[in-house]
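Report on the structure given below.
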Amino acid sequence: MQLKNWGLVRDESTKALYFNANNVKACYRLAKGHQNLKNWEEANDAIEKGLSIPNESDNQDLIKLQTLLTERVRRARVARQKRERARAERIVKVKKVWKWCQESGYRLGRVPLVNTVVDDEDEIGGEEEFRWHFHQPHTGRLPIDFGGNKEWVWPCMFVYPSHGQSDFIERFAESEMFASRMAEAFPEIENDGDGGGETSMPWDHNNEFVCSKLAVYFEVHYEVETDDENMIIHPENVSPLKTQAATMKFYEASRALKGDEGPEIAEVARCLERKLLHKQRKRWNKKHGSLWSKPDPCAVVRVHPAAMLRDVLTDSRMVVPNFLPTFLIFPENHVAHEEFCRDHKCVGIIEPQNS
């Protein structure tokens, strides 16, 4: 204790109590260790354990320490109960989403929440080169049952590869047509007579992003018939979330990494995600020899403007990564669209369904 190595004090006191549960000095030292580590409830538990030892119920050192910590223990207990209630509410929400996806035939997936297994982010080129970097600020969002009448709305990502830009769509209703959403986001240019009309996007220098001239796609990450337990997926690609437990675990990890549970829990989540990424890399390397041996570009499916979001989500080729339906949008006549179509096989089009 004189060295103020409180972690060691905690560990050694715990060992002493393992061999002698009635060691009141070890209880006191354990309480002091937790006090200085700011583990208030654990400190109180150690004090109560010491006071429960025969003939130690009036131990003045323990009583004095308990009096000193009373308010902090109370606050810690209230904070813990608040966290537990919030987590219980999150569990209910994720279970509801999972049930709706199972009933509706939607498939969920996940992408890595980290892009390196070491602290040095320059290991693989930095965060800006991570394929899913545009997802990260919005990971942890969930679709919601709007109004409780099974009219679900989803957070979505619109990605514009031709310009290296993206938009986060906070609410996209399942019953909403892509045409109406695109008309809202990319209205036709109002020509004022002198040809000076422009789109609202500052990065759209050639005024190409107007709803009538855009092509919308989603990627086919894997086919249903190849969705099995032995499937080896490249670490940058989408992995399936096959169980409610896996979905819950992924959601909690994504929240923790954003810092919602504090820096210590964020670091634990980061370590676990790095461990998972390391395992994925190891499996891929074992089969293909190198991470640079990447799979062929994903096939894509084009989305008809009159199709609804529900039509896309129910398609067996659609896997929703990170609870965020993600769409690639190109100007029809842009050179990047031509290159995209050369590199990615288009395996179909989502037509509007009669409902």
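The values are calculated or read from the model by the stated rules, or taken from the named source; none is laboratory data. If you're wondering where the values come from, they're calculated on a predicted model, not measured in any experiment. Cβ coordinates were reconstructed from backbone atoms using ideal geometry, including for glycine residues, and neighbour counts include every protein chain displayed. Please note that ligands, DNA and RNA were not included when accessible areas were found on the heavy atoms of the full protein model with its side chains. Shrake-Rupley method; radii C 1.70, N 1.55, O 1.52, S 1.80 Å.
The table below lists the values:
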quantity: Looking only at region 214-230, and only at residues there that are modelled with pLDDT under 90 and touching a strand residue (DSSP E or B) at 6+ places or on another chain (Cβ under 8 Å), the one that is least open to solvent (accessible area, probe 1.4 Å); calculated: Y222
quantity: Subset of region 317-355 [assigned to a helix (DSSP H, G or I), closer than 14 Å to V216 by Cα and either of a type in the set (F, W, Y) or open to solvent by 60 Å² or more (accessible area, probe 1.4 Å) (or both)]; calculated: E338, F340, C341
quantity: Region 185-213, residues that are of a type in the set (V, I, T) and at pLDDT 85 or above; calculated: V210
quantity: Tabulated pairs, region 284-309, first of a type in the set (S, T, N, Q), second open to solvent by 30 Å² or more (accessible area, probe 1.4 Å) and not in a helix (DSSP H, G or I), C-beta under 7 angstrom, 6+ apart or interchain; calculated: N285/L291
quantity: Unmet criterion (only one of (1) at pLDDT below 90; (2) part of a strand (DSSP E or B); (3) of a type outside the set (V, I, T)) for D260; calculated: (2)
quantity: Residue satisfying condition, being surrounded by 13 or more Cβ atoms within 10 Å (Cβ to Cβ), touching a residue at least 12 places away in the same chain (Cβ under 8 Å) and basic (K, R), within set R74, R90; calculated: R90
quantity: Residue tally, condition open to solvent by less than 20 Å² (accessible area, probe 1.4 Å) and either outside any helix (DSSP H, G or I) or under 20 Å from K150 (Cβ atoms) (or both), over region 174-184; calculated: 1
quantity: Subset of region 1-40 [without any contact (Cβ under 8 Å) to a residue 24 or more places away in the chain, open to solvent by 80 Å² or more (accessible area, probe 1.4 Å), in a helix (DSSP H, G or I) and charged (D, E, K, R)]; calculated: E12, K15, K25
